[in-house]
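S.K.: Following this message is one structure expressed as structure tokens.
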Amino acid sequence: MDDFDRHLKTFEHVANSKLSKHYEFGWVNATCQTNFSSHFDAAPENLPMVIAYLPKNKKYVKMFASYEK
């Protein structure tokens, strides 16, 4: 299993957990969706990245590096 698959599997596990009832999850391939990812300064060299976005406040925070459940 490569890094992408491992990170995606972790992301899917969290998105399907009980916590997900309070949050909405989605994922974007930042290397393909460059206009969208550039809005969040998601440069390919900083991937994988998790972004928490608060649309009401128009604020976001980025976490890059690997992540676990």
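The values are calculated or read from the model by the stated rules, or taken from the named source; none is laboratory data. The structure displayed is predicted, hence computed values, not measured ones. Cβ sites come from the backbone with ideal geometry, for glycine too, and all protein chains shown count toward neighbours. Remember, those area values only see protein heavy atoms, side chains included, never the ligands or the DNA or RNA. Shrake-Rupley method; radii C 1.70, N 1.55, O 1.52, S 1.80 Å.
S.K.: At a 1.4 Å probe, what is the % contribution of carbon and sulfur to the accessible area of segment 1-61?
M.R.: Heavy-atom surface of segment 1-61 belonging to carbon and sulfur, 1.4 Å probe: 54 percent.
S.K.: Highest mean first, how do 51-63, 3-15 rank when packing is the count of other Cβ atoms within 10 Å averaged over residues?
M.R.: Per-residue Cβ counts within 10 Å, averaged per peptide and sorted highest first, yield 3-15, 51-63.
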